[in-house]
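Reviewing the structure listed below.
Where a number appears in this text, it was derived from the coordinates with a stated rule and is not lab data. Worth saying up front: this structure is predicted, and the values here are computed from it rather than measured. Counting neighbours? That spans all protein chains shown, and the Cβs are built from the backbone with ideal geometry, glycine included.
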Amino acid sequence: MHSSLSFKQFKKLSYFMAALFLAVHIVMFCIFRQSGVMPMCAVNLCSIAFYCAMLFLIHRDHLRGFVVASFLEICLHMGLAEYYTGWNSDFQITLIGICVLLFYAEYIGKSMHVACTPAVFLAPAAVLAYLVPLVIDHIRPAPYQLPSDVEFFLRISWAVILFGVVLPILRYFVYIATRSQEELTNEVLHDKLTGLPNRYYMSDFFRKMSADVRYWIAIADIDGFKNVNDTYGHNCGDYVLSSIAKLIMDLPSHIAACRWGGEEFLLAGKLNETDPAQVLESLRKTVAAYPFRYEDVSLRITVTIGAAWFAPGQSIDEWINEADTKLYAGKTGGKNRVVI
């Protein structure tokens, strides 16, 4: 599956996040300095130096270290900001967003098969950074009070940052889940070698058959396929199978087809949409005329096809057995023919 970022893309994203955090701390330093919250000025100076170091860490491909260290720095910074200025500036809300980023980073790391620290082990740091200053603020007022216009600006800023980060990530996870489910379903219902649907897919076709429509079914079997495998090897056999599958895929789209098993392919359709005798004979001729060539060896490959109409009251197994009987008649009658 290709639903995640590559290492190079994640590295670029890490550069962007580090630069963004660096810019935020520069702004926060100016705000705290203007507001006279000197302890937080010192904290933000350390944070500015920290993210300069993080840019170097990313350059050296230490992305795991960047994720863990940045998460802990944010928890510490926001916890101290809550402690010194109280809850009215909404510093604590960023801890929710950073937890989402943390779990996203773990997913990316696992999808790239690189070492990563489980988010569940780090998330408690955010919980503590959220709850401890809350309890302290309940016991006694914060030592500093930011101006009301600054608090309003910070509330708006944190809300924009939080929703701007969390919503796209959650939307991306919905995309990943949906895409993964579609890919898993496709893998279950399709043959890996030929790309054609498998017999499980055809069971859905049988289930949706209408009683008011007449259907036909056909089984195509590669003539002398065992001899191809024994003479030229299984890789050659795989080449023949995949080549014939491509020819089957070129049939009209309203014809259902699948790899039935081994060297057999099953085709089905509605009599009012297709003349099966014409389509199957055309397929037989196309295979017989196709220039099969494997490792400088030219091969002459043919198929024998047995077909049957679906009769009212007949079971699916009886219907398939009837087509298989016609196929056997074609094999014993000389191969490379269509028997209906």
Ranking Cys99, Cys75, Cys52 by Cβ neighbours within 10 Å, fewest first, what do you get?
Cys52, Cys99, Cys75
Add +1 for every Lys or Arg and -1 for every Asp or Glu among the other residues with Cβ under 11 Å from the Cβ of Ser14, and state the total.
+3
Taking only the alpha carbons of the stretch 184-330, the radius of gyration and the largest Cα-Cα distance, Dmax, both in angstrom, are 15.4, 51
What residue among Ala129, Ala257, Ala288 shows peak mean-square fluctuation when the chain is described by a Gaussian network model with Cα springs under 10 Å?
Ala288
GNM on the chain, Cα springs under 10 Å; top mean-square fluctuation among Ala126, Ala115, Ala323 goes to Ala115
Nearest 10 degrees, 0 to 90: helix 38-59 Cα axis against the chain principal axis:
30 degrees
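To two decimal places, what compactness ratio does the chain give when its Cα radius of gyration is scaled by 2.2 N^0.38 Å?
Dividing the Cα radius of gyration by 2.2 N^0.38 Å gives 1.63.
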Once the dipole of the stretch 251-319 is set up with Lys and Arg at +1 and Asp and Glu at -1 on Cβ about the Cα centre, which of Val279, Gln314, Gly262 lies farthest towards its positive end?
Val279
Per residue, the convex hull volume that the Cα atoms of the stretch 7-189 enclose (Å³):
113 Å³
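Lys and Arg at +1, Asp and Glu at -1: add these up for the other residues within a Cβ distance under 13 Å of Met112 and post the number.
+2
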Towards the positive end of the charge dipole of the chain, with charges on Cβ (+1 Lys, Arg; -1 Asp, Glu), say which of Tyr290, Leu170, Phe152 has the farthest Cα.
Phe152
For the stretch 248-290, which GluC sites (Glu not before Pro) are both in a DSSP coil and crowded by at most 14 other Cβ atoms within 10 Å?
Glu273
Suppose we keep just the alpha-carbon trace of the stretch 102-253; what are its Rg and Dmax in angstrom?
29.6, 89
Rounding to the nearest 10 and keeping the result within 0 to 90°, find how far the Cα-based axis of helix 94-111 lies from the longest principal axis of the chain.
40 degrees
Among trypsin sites (Lys or Arg not before Pro) in the stretch 233-340, those in a DSSP loop whose Cβ has at most 16 other Cβ atoms within 10 Å are Arg300, Lys335
Which order results if Thr231, Thr94 are arranged by neighbouring Cβ count within 10 Å, fewest first?
Thr231, Thr94
Counting Lys and Arg as +1 and Asp and Glu as -1, what is the net charge of the other residues whose Cβ lies under 12 Å from the Cβ of Leu247?
+2
